[in-house]
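Remarks on the structure that follows.
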């Protein structure tokens, strides 16, 4: 089984991908992780990617597809994969489809974990972590038991990511919608698109995703 998991930044897509990996024995393919692994491996395609990245440029679709192609030849992917963070555009989706056809594989499902922008901004801008042990908290959704004191280590020092602010998050969401919105009709036309309500609690989102995938396997 091969699927594309779509969702905005902060929508919980990464958490759900890990849960689906455990349940269905799938491998999560994150383009960022694969690029770093390819560069570290010193493979020919990794060297090309490194040269582009060192020049401060964006890695081309051709290079990303070649890295995915190489990764799919590895034995651990034969049971199926979750594409996370790719494709981001229709052109990338078309290239991915063509590559999978060459390998005698295909996509079984494309699932969007949908969350309204306003909630995403609230989720992301409210995040902070303990400066000492890294425990995660939120201004609204996950406060420490005692205000200003980490539940895990007792530290009173906390930090926030510089880019976890409303302006930056809004720009990221605008870019996501501009690039990824056209993917929805693309996969809908293929008859493989499903949408899950990402505002539900984590366990319910997981259940909905599992239901879709189990019906897809039949």
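We did not get these values from a lab; they are worked out from the coordinates using the rules stated. Please read all numbers here as calculations on a predicted model, not as lab measurements. Every residue, glycine as well, gets a Cβ built from its backbone with ideal geometry; the counts of neighbours run over all protein chains shown.
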- Decide, for the chain, between rounded, prolate and oblate: order the square roots of the alpha carbon gyration tensor eigenvalues as a ≥ b ≥ c, take rounded if a/c falls under 1.5, and otherwise choose prolate if a/b is larger than b/c, else oblate. prolate
- Message: What distance in nm lies between label points placed 7 Å from Cα along the C-beta direction at residue 164 and residue 184?
- Response: 2.7 nm
- Have a look at 162, 17, 110 and tell me which one the Gaussian network model of the chain (Cα, springs below 10 Å) gives the largest fluctuation. 162
- Task: At q = 0.12, 0.14, 0.24, 0.25 Å⁻¹, work out log10 I(q)/I(0) for the stretch 110-208 with the Debye formula, treating every Cα as an identical point scatterer and leaving solvent out; two decimals please.
- Result: -0.55, -0.70, -1.20, -1.23
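Please arrange 149, 205 by counting, for each residue, the other beta carbons lying within 10 Å of its beta carbon, fewest first.
Numbers: 149 13, 205 23.
Listing 149, 205 from fewest to most nearby Cβ atoms yields 149, 205.
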- Query: Full extension from residue 202 to residue 28: what is 0.36 nm times the residue separation minus their Cα-Cα distance, to one decimal in nm?
  - Reply: 60.8 nm
- Task: Take the alpha carbon gyration tensor of the stretch 5-89, find the square roots of its eigenvalues, order them as a ≥ b ≥ c, and report rounded if a/c is under 1.5; if not, report prolate when a/b exceeds b/c, else oblate.
- Result: oblate
- Does the stretch 154-218 come out rounded, prolate or oblate by the C-alpha gyration tensor, with a ≥ b ≥ c the root eigenvalues, rounded set by a/c under 1.5 and, if not, prolate when a/b is larger than b/c and oblate if not? oblate
- The alpha-carbon pair-distance distribution computed for the stretch 52-134, with 10 angstrom bins and whole-percent values, is 12, 34, 24, 25, 4
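Determine the gain in length on full extension of the stretch residue 47-residue 118; use 0.36 nm per residue of separation and subtract their C-alpha separation, reporting nm with one decimal.
Working: separation 71, 0.36 × 71 = 25.56 nm, distance 4.08 nm.
Taking 0.36 nm per residue and subtracting the Cα distance, the gain is 21.5 nm.
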- For the chain, what does -39500 (n - 2.57) per DSSP helix run (n ≥ 4), summed and divided by total residues, give at 222 nm, in deg cm²/dmol to the nearest 500? -15000 deg cm²/dmol
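Fewest first, what order do 130, 153 take by the number of other Cβ atoms within 10 Å? Don't skip to the answer; put the middle values down first.
Working: 130 21, 153 12.
Least crowded to most crowded, the residues run 153, 130.
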- Task: With springs connecting C-alpha atoms under 10 Å apart, model the chain as a Gaussian network and identify which of 159, 65, 82 has the largest mean-square fluctuation.
- Result: 159
